[in-house]
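First the structure, in the form of structure tokens, and then the observations on it.
Read the figures in this text as sums done on the coordinates, not as results from a lab. Only a predicted model underlies this, so the values are computations on that prediction, with no experimental measurement involved. Using ideal geometry, Cβ is built from the backbone for each residue, glycine included, and neighbour counts are taken over all protein chains shown.
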């Protein structure tokens, strides 16, 4: 039961950060493209990658904190369900190019940022 509470707490904070960050992004960039979702997916991927490739790999985090931060916080922060909905909405609005661009950027950039976290973790660890 404790694990569920850890996930709930982490997801609450992640979801709040997601809402705030998306709002900030949409105040800066046009709302014609889902930049807010892209931003939280990139940041969430970087955080998740760093937690797993550095803290977890070097036994610097206990399983409870890892659960809170990964499944909870990063799960609440990242938005692939929203990404999927927004992509389908773009396709339904006959915005094929924007829909495909959204898929390409979200997939490539989140993979890139997980890889960046992996490299940073290796550098910090001296491996």
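Helix 2-28 versus the longest principal axis of the chain: what angle, 0 to 90°, nearest 10, using Cα atoms?
40
Here are several values of Rg/Rh (Cα atoms, Kirkwood Rh): (1) 1.14; (2) 1.09; (3) 1.03. Which one was derived from the coordinates shown?
Label (3) holds the value from this structure.
Would you mind getting me the FRET efficiency between residue 26 and residue 57? Use the beta-carbon distance for r and R0 = 35 Å, nearest 0.05. Kindly include the intermediate steps, with their values, before the conclusion.
Numbers: r = 35 Å, r/R0 = 1.01.
Calculated transfer efficiency: 0.50.
If a/c stays under 1.5 just call it rounded; otherwise compare a/b with b/c (prolate if a/b is bigger, oblate if not). Do that for the range 66-127, with a ≥ b ≥ c from the square roots of the Cα gyration tensor eigenvalues. Mind dumping the intermediate values first?
Working: a/c = 7.03, a/b = 1.86, b/c = 3.77.
The shape class here is oblate.
Separation between the residue 80 and residue 97 pseudo-spin-labels, each 7 Å from Cα along Cα→Cβ, expressed in nm?
2.9
Could you sort 80-90, 19-29, 37-47 so that the peptide with the highest average Cβ count within 10 Å comes first and the rest follow in order?
Working: 80-90: 15.6, 19-29: 13.3, 37-47: 22.0.
Highest to lowest by the protection proxy: 37-47, 80-90, 19-29.
Taking the 0 to 90 degree range and rounding to the nearest ten, how far is the long axis of helix 35-50 tilted relative to the main principal axis of the chain, both from C-alpha atoms?
It is inclined by approximately 20 degrees.
On full extension of the chain, what length is gained from residue 122 through residue 19, given 0.36 nm per residue of separation minus the C-alpha to C-alpha distance?
Numbers: separation 103, 0.36 × 103 = 37.08 nm, distance 3.14 nm.
Here the segment from residue 122 to residue 19 would lengthen by 33.9 nm.
Where does helix 80-92 land angle-wise versus the long Cα axis of the chain, in degrees 0 to 90, nearest 10?
The angle comes out near 10 degrees.
With each run of n ≥ 4 DSSP H residues scored as -39500 (n - 2.57), what mean residue ellipticity at 222 nm is computed for the chain after dividing by its residue count and rounding to the nearest 500 deg cm²/dmol? Each step should come with its number before you reach the end.
Values: 5 runs with 91 residues, N = 127.
About -24500 deg cm²/dmol.
Pop the C-beta distance of residue 108 and residue 33 into the FRET formula with R0 = 22 Å and round what comes out to the nearest 0.05.
Working: r = 15 Å, r/R0 = 0.70.
Between residue 108 and residue 33 the formula returns 0.90.
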